[in-house]
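**Q** There's a structure below that I have some questions on.
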Amino acid sequence: MNRVRDRKPQEDLQGAAAAPGVAIGPAVCLRGHGVEVLRVPIRNSGLDREVARFGAAVRSVEAELEATESRIAETFGSDLASIFHAHSVILRDSSFARRIDRMIRSDRVNAEWAVQAVADDLGEKFAQVKSQHLRERGEDLRDVTRYLLRALAGKRSSPGVGEDFDRNVVVVSHELTPDEVLRLGRRGAVGFAIEVGGANSHTAIVARALDVPLVTGIVEITNRVADDDPVIVDGEEGRLTLHPTPETLDEYRRLRRRRRRNEEALSTAARDLPARTVDGAEVELLANVELPDELDDVQRFGAAGIGLYRSEFLYLEKSPELPSEEEHVAVLRELLETLSPQPVVVRTLDLGGGKVASGLVPQDEENPVLGQRGIRLTMAREDVFRVQLRALFRAAPFGSLRIMAPMVTAVEEIRALRVLCDEVCAELEAEGAEHRRDVELGAMVEVPAAVMIARQLAAEVDFLSIGTNDLIQYTLAVDRTNEYVADLYQPLHPAVLTMIQLVVEAGRRQRVPVALCGEMAASPECVPLMLGLGLRQLSMSPRGIPRVKDVVRSLDVCDAEELARRCVAASTAEEVGALLAAFGATAVHTRTRVHTG
Ligand code: PEP
Ligand code: MG
């Protein structure tokens, strides 16, 4: 199809802001096919590789089916095993594989798309025949298709995201998983625009970590944008501009330069100033980190250490392989040595519930966020978890390490973790491997159950950290990634504030420090409330630190405490919002007076 790009009128598509910044570039559309298969255009030079990738997937499914068939035959007899034999027959039918090969080449598409399209076509034919036997072959075909898609995903954990990818493109898709954003961002995508997913999703968090702008909630996006369409992503305003006029392009280029200069100025001004309130309360502003590349930002924006290292991103990056013990040690050592003596809080892998690394996370859960995620998954996969724990204790001598468990709901989980840590250390001891045993152990509080037993938890750990992203989700029963209920995801809901208050109180009683590491920590409007509730450690994306520090330095704790009392007593999130806005306006006024003397 010939497009006369320059003549198309400019269109502004409004969505929601999810990762700030401005991206300008040609669009690449990953089109949804069924639920999970995306159509990715493949360049001529990448076609052989794509066909080879499909061949490798066929061979791996063949081997898997053969093994399953003989295992089942041994245990249950040949009748049951014949099901798997039927699957092998379909797979070996050379016309099936040939059609897929042909489609990859003729349509220049990724293997996943071709597999699904050929299977859909054959499936329709099977469905129309009268013979029961042939209809059953249709079901076998669906199974084989699933195996193939899984194997293709296993070869590269994000289905549909081809290797053969231009740099400096804006990726447009119905939705993207966190690992897809990670891989695409690593390969040079400069912006993302998607239809589905909230600003608090891990997808958005990864985009922010990569410093790649993301807008979400743009309706029907893949039907409105075509490959190579010139687009602008404005991650601050939550807007995608399609076919921008030269004037709009100029305007955005200027805006991008201005924003970068402002950010630079803010970080330079704030970096060496203490995060201390007007009346002398010290506040620790720490960084949330997903990727070791962010270390520069941690230092540039003046963080007092890392309050949350989301270690699962190493697994997402390496998937389908698991990171080795040595790889873990190398990453941890770099973080610890670079920041020493500042603290580095490493959260043990928090996979599951949307963060999927192939082979590790169950794929068939009805409600993954209520399923095997966080500490539940690691306890179920002790073999995998031990590798990470060994690496943590081996890396500990290189700095000030703290270990933190995610998704804790019961004291038993912490006790089981301690037992495992002891076993791992004993093992290292026996091997004569250098390590450090006296590492502080903490729990994330991100589920109402953990809030309600915060006192008992605090008695078992060295520190607590409130993960408001999930705490809001689980308290308000609002999926943090679901844009249909995005307006119900209310950080200022009085229930959430009371939860925070309860945890801070429990920590105070047990003399255990309590941090807050959800996205809320980076909201300048919320900072007075959080200090007023008694928090003195806030962990956020490094870029958020200068603004938050600015607010901390303008506050008086007594005023903040009075504000917190009124907020907790309020009936609705709206009332809390109004109280914060009024306080903010007064504070800005006061700040202006202070600065002008
Ligand atoms: C949280 O839930 O607030 C949190 C910090 O963890 P994550 O966003 O990775 O789930
Ligand atoms: Mg969480």
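The values are calculated or read from the model by the stated rules, or taken from the named source; none is laboratory data. What you are looking at is a predicted structure, and each value in this text was computed from that prediction instead of being measured. Neighbour counts are summed over all protein chains in view; Cβ atoms, including those assigned to glycine, are modelled from backbone coordinates with ideal geometry. Note: accessible area is taken over every heavy atom of the protein model, side chains too, but ligands, DNA and RNA are not part of it. Shrake-Rupley method; radii C 1.70, N 1.55, O 1.52, S 1.80 Å.
**Q** Accessible area, 1.4 Å probe, largest first: how do 315, 484 sort?
**A** The ranking, largest first, comes out as 484, 315.
**Q** Give me, ordered by chain and number, the residues 5 or more places off residue 109 or on other chains with an amide H under 5 Å from its own placed amide H.
**A** Those lying under 5 Å, H to H, from residue 109 are 42.
**Q** Using the alpha carbon gyration tensor of the chain, what are the three equivalent-ellipsoid semi-axes (square root of 5 times each eigenvalue), largest first, in whole Å?
**A** They are 44, 32, 22 Å, listed largest first.
**Q** Above 17 Å lies some portion of the pair distances; for region 162-221, what is it as a whole percent of all C-alpha pairs?
**A** Values: 480 of 1770 pairs.
Here the long-distance tail beyond 17 Å is 27 percent of all Cα pairs in region 162-221.
**Q** Now for a different question. Restricting attention to region 463-569, which GluC sites (Glu not before Pro) occupy a DSSP loop and are surrounded by at most 15 other Cβ atoms within 10 Å? Could the numbers behind the result be given before it?
**A** Numbers: sites: 483, 505, 519, 525, 561, 562; in loops: 525.
Filter output for region 463-569: 525.
**Q** Given a Förster distance of 51 angstrom, what is the FRET efficiency for residue 558 paired with residue 419, based on the Cβ-Cβ distance and rounded to 0.05?
**A** So, using R0 = 51 Å, E works out to roughly 0.70.
**Q** Rounded to a whole number of µm²/s, how large is the Stokes-Einstein D of region 250-398 at 37 °C and 0.692 mPa s, given Rh as the Kirkwood radius over C-alpha pairs? Don't jump to the answer; show the numbers that get you there.
**A** Details: Rh = 17.6 Å.
The diffusion coefficient I find is 187 µm²/s.
**Q** Still on this structure, please answer the following. Which parts of region 114-129 would a label at residue 106 reach, counting a residue when its backbone N lies under 14 Å from a point 7 Å out along Cα-to-Cβ?
**A** 114-115, 117-119, 121-122
**Q** What accessible area, in Å² to the nearest ten, does a 1.4 Å probe give for residue 389?
**A** 0
**Q** Continuing with the same structure: If you bin the C-alpha pair distances of region 387-539 every 5 Å from 0, what whole percents do you get?
**A** Histogram of Cα-Cα distances, whole percents per bin: 2, 10, 18, 19, 16, 14, 10, 7, 3, 2, 0.
**Q** Right, another one. With θ set to phi - 60° and the Karplus curve 6.51 cos²θ - 1.76 cosθ + 1.60, what are the ³J(HN,Hα) couplings of region 436-448 in order, to the nearest whole Hz, using x for Gly and Pro?
**A** These are the phi-based 3J(HN,Hα) values: 10, 8, 7, 9, 5, 10, x, 10, 7, 10, 9, 9, x Hz.
**Q** Keeping the other protein chains in place, figure out the carbon and sulfur percent of the accessible area of region 482-536, with a 1.4 Å probe. Please report the intermediate quantities before stating the final value.
**A** Values: 1250 of 2320 Å².
Within region 482-536, the accessible surface is 54 percent carbon and sulfur.
**Q** Starting from 0 in steps of 10 Å, tell me what percent of the Cα-Cα pairs of region 273-590 lands in each bin.
**A** 6, 27, 35, 23, 8, 1, 0
**Q** Same structure, new question: Of the accessible area of region 328-390, with the probe set at 1.4 angstrom, what percent is carbon plus sulfur?
**A** In region 328-390, the share of accessible area belonging to carbon and sulfur is 49 percent.
**Q** Sticking with this structure for a sec: Extending each Cα 7 Å along its Cβ direction at residue 321 and residue 10, get the distance between those two points in nm, one decimal.
**A** For residue 321 paired with residue 10, the spin-label model returns 4.7 nm.
**Q** A further question follows. How long are the semi-axes of the equivalent ellipsoid of region 417-484, taking √(5λ) for every eigenvalue λ of the Cα gyration tensor, in whole Å from largest down?
**A** One finds semi-axes of 34, 15, 9 Å for region 417-484.
**Q** Of all GluC sites (Glu not before Pro) in region 191-300, which ones are in loop regions per DSSP and have a Cβ with at most 11 other Cβ atoms within 10 Å?
**A** Values: sites: 195, 220, 236, 237, 247, 251, 263, 264, 282, 284, 290, 294; in loops: 195, 220, 236, 237, 290.
Those satisfying the criteria are 220.
**Q** Counting only helical runs of four or more DSSP H residues, what would the 222 nm mean residue ellipticity of the chain come to if each run contributes -39,500 (n - 2.57) and the total is spread over all its residues?
**A** -16000 deg cm²/dmol
**Q** Taking only protein heavy atoms and a 1.4 Å probe, what accessible area per residue, in Å², does the chain have with all protein chains in place?
**A** 44
**Q** With the Cα gyration tensor of region 445-535 in hand, convert its eigenvalues to equivalent ellipsoid semi-axes via √(5λ) and list them largest first in whole Å.
**A** That gives 22, 15, 10 Å for the three semi-axes.
**Q** Next up: With r as the distance between the Cβ atoms of residue 582 and residue 247 and R0 = 35 Å, compute the FRET efficiency 1/(1 + (r/R0)^6) and round to 0.05. Provide the component values of the computation, followed by the final result.
**A** Working: r = 39 Å, r/R0 = 1.12.
My answer for the efficiency is 0.35.
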